[in-house]
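Engineer: First the structure, then my questions, so here it is.
The values are calculated or read from the model by the stated rules, or taken from the named source; none is laboratory data. If you're wondering where the values come from, they're calculated on a predicted model, not measured in any experiment. Don't worry about glycine lacking a Cβ; one is built from the backbone with ideal geometry, like all the others, and counts go over all protein chains shown. For the accessible areas, the whole protein counts, side chains as well, though only heavy atoms, and no ligand, DNA or RNA atoms are used. Shrake-Rupley method; radii C 1.70, N 1.55, O 1.52, S 1.80 Å.
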Amino acid sequence: MFTGIIEELGRIRALTPRGRSGIRIVIEAADVLDDVALGASIAVNGCCLTVVDHGDDWWAADAVPETMRRTALGRLGPDDPVNLERPVRVNGRLGGHVVQGHVDGTSTLLATDPHDDGSQRMRFDLPPASARYVCEKGSIAVDGISLTVASVSADSFSIAVIPHTLAVTTLGSIRPGAPVNLELDIVAKYVERQAQAALATGGVA
(Lines give C-alpha, C1' and ligand atoms only; values in the text may rest on other atoms or scores of the structure.)
Protein backbone atom coordinates (compact mmCIF):
# COMPACT_ATOMS: atom_id res chain seq x y z
CA MET A 1 0.00 0.00 0.00
CA PHE A 2 1.14 3.52 -0.81
CA THR A 3 0.06 7.00 0.28
CA GLY A 4 0.54 9.08 -2.85
CA ILE A 5 3.25 11.17 -1.20
CA ILE A 6 6.12 11.08 -3.71
CA GLU A 7 9.58 10.40 -2.24
CA GLU A 8 11.71 11.47 -5.19
CA LEU A 9 11.87 12.09 -8.91
CA GLY A 10 13.68 9.27 -10.64
CA ARG A 11 14.74 9.22 -14.28
CA ILE A 12 14.39 6.59 -16.97
CA ARG A 13 17.81 5.18 -17.88
CA ALA A 14 16.74 2.50 -20.35
CA LEU A 15 13.71 0.72 -21.77
CA THR A 16 14.28 -2.75 -23.23
CA PRO A 17 11.52 -4.73 -25.00
CA ARG A 18 10.74 -8.14 -23.55
CA GLY A 19 8.81 -10.30 -25.94
CA ARG A 20 6.29 -8.52 -28.15
CA SER A 21 4.51 -6.39 -25.55
CA GLY A 22 6.48 -6.20 -22.29
CA ILE A 23 9.42 -3.99 -21.32
CA ARG A 24 12.20 -3.90 -18.76
CA ILE A 25 12.51 -0.44 -17.25
CA VAL A 26 15.77 0.75 -15.68
CA ILE A 27 15.36 3.80 -13.44
CA GLU A 28 17.99 6.07 -11.89
CA ALA A 29 17.19 6.82 -8.25
CA ALA A 30 18.69 7.50 -4.83
CA ASP A 31 16.29 7.76 -1.88
CA VAL A 32 14.14 4.73 -2.73
CA LEU A 33 17.28 2.57 -2.89
CA ASP A 34 18.10 3.04 0.82
CA ASP A 35 16.60 -0.33 1.74
CA VAL A 36 16.08 -1.84 -1.69
CA ALA A 37 15.92 -5.62 -2.08
CA LEU A 38 15.00 -7.99 -4.87
CA GLY A 39 11.25 -8.49 -4.89
CA ALA A 40 10.51 -5.16 -3.19
CA SER A 41 7.72 -2.95 -4.52
CA ILE A 42 8.19 0.62 -5.75
CA ALA A 43 5.47 2.72 -7.36
CA VAL A 44 6.47 4.37 -10.65
CA ASN A 45 4.05 7.12 -11.66
CA GLY A 46 1.54 5.36 -9.46
CA CYS A 47 2.09 1.88 -10.89
CA CYS A 48 3.35 -0.71 -8.40
CA LEU A 49 6.37 -2.51 -9.90
CA THR A 50 8.67 -5.20 -8.51
CA VAL A 51 12.42 -4.72 -8.21
CA VAL A 52 14.07 -7.42 -10.33
CA ASP A 53 17.61 -6.00 -10.31
CA HIS A 54 19.41 -3.01 -8.79
CA GLY A 55 22.75 -1.23 -8.45
CA ASP A 56 24.20 1.73 -6.57
CA ASP A 57 22.08 4.35 -8.35
CA TRP A 58 19.53 2.37 -10.37
CA TRP A 59 16.93 -0.35 -10.22
CA ALA A 60 15.01 -2.35 -12.78
CA ALA A 61 11.46 -3.66 -13.11
CA ASP A 62 9.55 -5.66 -15.70
CA ALA A 63 6.27 -4.23 -17.01
CA VAL A 64 4.11 -7.08 -18.35
CA PRO A 65 1.50 -6.72 -21.15
CA GLU A 66 -1.36 -6.05 -18.67
CA THR A 67 0.64 -3.18 -17.15
CA MET A 68 1.44 -1.78 -20.57
CA ARG A 69 -2.23 -1.93 -21.58
CA ARG A 70 -3.58 -0.13 -18.52
CA THR A 71 -0.90 2.50 -17.91
CA ALA A 72 1.04 5.21 -19.69
CA LEU A 73 4.41 3.59 -18.94
CA GLY A 74 4.84 2.62 -22.58
CA ARG A 75 4.95 6.30 -23.56
CA LEU A 76 8.00 7.00 -21.41
CA GLY A 77 11.40 7.51 -22.98
CA PRO A 78 15.04 7.72 -21.83
CA ASP A 79 15.70 10.64 -19.44
CA ASP A 80 11.98 11.15 -18.70
CA PRO A 81 11.32 11.93 -15.01
CA VAL A 82 9.10 9.57 -13.01
CA ASN A 83 7.47 9.80 -9.57
CA LEU A 84 8.78 7.19 -7.13
CA GLU A 85 7.33 5.99 -3.82
CA ARG A 86 8.05 3.00 -1.61
CA PRO A 87 5.19 1.25 0.24
CA VAL A 88 4.11 2.87 3.51
CA ARG A 89 5.51 1.33 6.68
CA VAL A 90 2.99 -0.16 9.11
CA ASN A 91 4.05 2.40 11.73
CA GLY A 92 4.24 5.29 9.26
CA ARG A 93 1.96 8.27 8.72
CA LEU A 94 -0.72 8.07 6.03
CA GLY A 95 -0.07 11.56 4.70
CA GLY A 96 -2.10 11.22 1.50
CA HIS A 97 -4.82 8.61 0.99
CA VAL A 98 -4.89 4.85 0.49
CA VAL A 99 -3.19 4.20 -2.86
CA GLN A 100 -2.75 0.62 -4.01
CA GLY A 101 -0.45 1.19 -6.96
CA HIS A 102 -3.04 -0.54 -9.17
CA VAL A 103 -3.65 1.86 -12.06
CA ASP A 104 -7.26 1.96 -13.28
CA GLY A 105 -6.49 3.66 -16.58
CA THR A 106 -5.02 6.71 -18.19
CA SER A 107 -6.09 10.31 -18.69
CA THR A 108 -4.75 13.33 -20.60
CA LEU A 109 -3.86 16.79 -19.33
CA LEU A 110 -6.21 19.19 -21.10
CA ALA A 111 -5.19 22.60 -19.76
CA THR A 112 -3.22 24.42 -17.08
CA ASP A 113 -4.06 27.69 -15.34
CA PRO A 114 -1.12 29.19 -13.41
CA HIS A 115 -1.93 31.42 -10.42
CA ASP A 116 0.11 34.34 -9.08
CA ASP A 117 1.00 32.45 -5.89
CA GLY A 118 2.93 29.83 -7.88
CA SER A 119 0.16 27.24 -7.69
CA GLN A 120 -1.57 25.84 -10.73
CA ARG A 121 -5.01 24.52 -11.60
CA MET A 122 -4.80 21.53 -13.94
CA ARG A 123 -7.68 20.02 -15.90
CA PHE A 124 -7.69 16.40 -17.09
CA ASP A 125 -10.13 14.46 -19.23
CA LEU A 126 -12.37 12.05 -17.31
CA PRO A 127 -12.96 8.67 -18.98
CA PRO A 128 -16.65 7.67 -18.82
CA ALA A 129 -15.89 4.45 -16.94
CA SER A 130 -14.14 6.45 -14.19
CA ALA A 131 -16.58 9.33 -13.81
CA ARG A 132 -18.80 7.78 -11.14
CA TYR A 133 -15.85 7.34 -8.77
CA VAL A 134 -14.71 10.99 -8.93
CA CYS A 135 -16.35 13.65 -6.80
CA GLU A 136 -15.54 17.20 -5.73
CA LYS A 137 -13.19 17.21 -2.70
CA GLY A 138 -12.65 13.48 -3.11
CA SER A 139 -9.25 11.83 -3.50
CA ILE A 140 -7.58 10.72 -6.72
CA ALA A 141 -4.05 9.61 -7.61
CA VAL A 142 -2.57 11.19 -10.76
CA ASP A 143 0.72 9.54 -11.74
CA GLY A 144 0.82 8.23 -8.19
CA ILE A 145 0.38 11.64 -6.54
CA SER A 146 -2.34 11.91 -3.89
CA LEU A 147 -4.51 14.86 -4.89
CA THR A 148 -7.86 16.42 -4.02
CA VAL A 149 -10.42 16.89 -6.77
CA ALA A 150 -11.21 20.61 -7.02
CA SER A 151 -14.06 20.33 -9.51
CA VAL A 152 -15.77 17.78 -11.76
CA SER A 153 -17.72 18.11 -15.00
CA ALA A 154 -19.29 15.49 -17.23
CA ASP A 155 -16.02 14.76 -19.03
CA SER A 156 -13.20 16.32 -17.01
CA PHE A 157 -11.89 17.03 -13.53
CA SER A 158 -9.57 19.65 -12.09
CA ILE A 159 -6.99 19.68 -9.33
CA ALA A 160 -5.28 22.60 -7.59
CA VAL A 161 -1.56 21.93 -7.23
CA ILE A 162 0.62 23.77 -4.71
CA PRO A 163 4.11 25.03 -5.70
CA HIS A 164 5.87 22.32 -3.64
CA THR A 165 4.10 19.52 -5.49
CA LEU A 166 4.90 21.14 -8.83
CA ALA A 167 8.57 21.33 -7.82
CA VAL A 168 9.04 17.74 -6.59
CA THR A 169 6.83 15.71 -8.97
CA THR A 170 6.29 15.29 -12.68
CA LEU A 171 3.27 17.63 -12.57
CA GLY A 172 5.64 20.58 -12.78
CA SER A 173 6.97 19.54 -16.19
CA ILE A 174 4.04 18.00 -18.09
CA ARG A 175 2.17 20.00 -20.72
CA PRO A 176 -1.32 19.75 -22.26
CA GLY A 177 -1.63 16.53 -24.22
CA ALA A 178 0.55 14.55 -21.81
CA PRO A 179 -0.81 11.16 -20.65
CA VAL A 180 -1.04 10.34 -16.94
CA ASN A 181 -1.97 7.28 -14.89
CA LEU A 182 -5.13 7.42 -12.80
CA GLU A 183 -5.96 5.42 -9.69
CA LEU A 184 -9.47 5.97 -8.41
CA ASP A 185 -10.44 6.03 -4.74
CA ILE A 186 -10.63 2.41 -3.54
CA VAL A 187 -13.23 3.37 -0.91
CA ALA A 188 -15.64 4.54 -3.63
CA LYS A 189 -15.20 1.28 -5.52
CA TYR A 190 -15.87 -0.85 -2.44
CA VAL A 191 -18.97 1.19 -1.54
CA GLU A 192 -20.33 0.69 -5.06
CA ARG A 193 -19.63 -3.05 -4.93
CA GLN A 194 -21.37 -3.46 -1.58
CA ALA A 195 -24.38 -1.45 -2.77
CA GLN A 196 -24.67 -3.56 -5.89
CA ALA A 197 -24.57 -6.77 -3.85
CA ALA A 198 -27.20 -5.48 -1.42
CA LEU A 199 -29.54 -4.43 -4.22
CA ALA A 200 -29.10 -7.75 -5.99
CA THR A 201 -30.13 -9.71 -2.88
CA GLY A 202 -32.83 -7.31 -1.75
CA GLY A 203 -30.84 -6.30 1.32
CA VAL A 204 -29.98 -2.90 2.67
CA ALA A 205 -26.64 -1.37 1.72
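Engineer: From the set of residues in the range 162-188 that are of a type in the set (S, T, N, Q) and not in a helix (DSSP H, G or I), which is nearest to Ala131 (Cα to Cα)? Quick ask: steps written out before the conclusion?
Structural biologist: Let us first name the residues in the range 162-188 that are of a type in the set (S, T, N, Q), namely 165, 169-170, 173, 181.
Now drop any that are not not in a helix (DSSP H, G or I), which leaves 169, 173, 181.
Details: Thr169: 25, Ser173: 26, Asn181: 15 Å.
Among those that are of a type in the set (S, T, N, Q) and not in a helix (DSSP H, G or I), it is Asn181.
Engineer: Right, here's the next one. Take Val90 and tell me if it is open to solvent by 70 Å² or more (accessible area, probe 1.4 Å), aliphatic (A, V, I, L, M) and part of a loop (DSSP other than H, G, I, E, B). It would help to see each step written out before you state the result.
Structural biologist: Details: open to solvent by 70 Å² or more (accessible area, probe 1.4 Å): yes; aliphatic (A, V, I, L, M): yes; part of a loop (DSSP other than H, G, I, E, B): yes.
So Val90 passes the test.
Engineer: Look at the range 72-87 and say how many of its residues are basic (Lys, Arg) and open to solvent by less than 80 Å² (accessible area, probe 1.4 Å). Explain how you work it out, then say what you get.
Structural biologist: Taking the range 72-87 first, the residues basic (Lys, Arg) are 75, 86.
Filter again for open to solvent by less than 80 Å² (accessible area, probe 1.4 Å), leaving 86.
Number of matching residues: 1.
Engineer: Another question, then. Hey, among Gly144, Gly138, Gly177, which residue is at pLDDT 95 or above and surrounded by 11 or more Cβ atoms within 10 Å (Cβ to Cβ)?
Structural biologist: Going through Gly144, Gly138, Gly177 in turn, the sole match is Gly144.
Yes/no per residue for (1) part of a loop (DSSP other than H, G, I, E, B); (2) surrounded by fewer than 16 Cβ atoms within 10 Å (Cβ to Cβ):
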| position | (1), (2) |
| --- | --- |
| Val103 | yes, no |
| Thr106 | no, no |
| Arg121 | no, yes |
| Ala129 | yes, yes |
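Engineer: Could you run through the range 50-87 and say how many residues are of a type in the set (A, V, I, L, M) and assigned to a helix (DSSP H, G or I)?
Structural biologist: Looking only at the range 50-87, we keep the residues that are of a type in the set (A, V, I, L, M), and these are 51-52, 60-61, 63-64, 68, 72-73, 76, 82, 84.
In the following step, the residues that additionally are assigned to a helix (DSSP H, G or I) were identified as 68, 73.
Count: 2.
Engineer: Among (1) in a helix (DSSP H, G or I); (2) modelled with pLDDT of 95 or more; (3) open to solvent by less than 20 Å² (accessible area, probe 1.4 Å), which single condition is Ala198 missing?
Structural biologist: (2)
Engineer: How do the strands (runs of 3 or more DSSP E) wholly within the range 1-49 filter down when requiring 3 or more residues that are open to solvent by 70 Å² or more (accessible area, probe 1.4 Å): which remain?
Structural biologist: Values: elements: 8-18, 22-28, 41-44.
Because the criterion is at least 3 residues that are open to solvent by 70 Å² or more (accessible area, probe 1.4 Å), the strands (runs of 3 or more DSSP E) in the range 1-49 that meet it are 8-18.
Engineer: Look through Pro163, Pro114 and report the one residue that is out of contact with any Gly (no Cβ under 6 Å at 6 or more places or on another chain), of a type outside the set (Gly, Ala, Ser) and open to solvent by 20 Å² or more (accessible area, probe 1.4 Å). Spell out how you get there, then give the answer.
Structural biologist: Values: Pro163 fails: out of contact with any Gly (no Cβ under 6 Å at 6 or more places or on another chain).
Within the list Pro163, Pro114, the selection yields Pro114.
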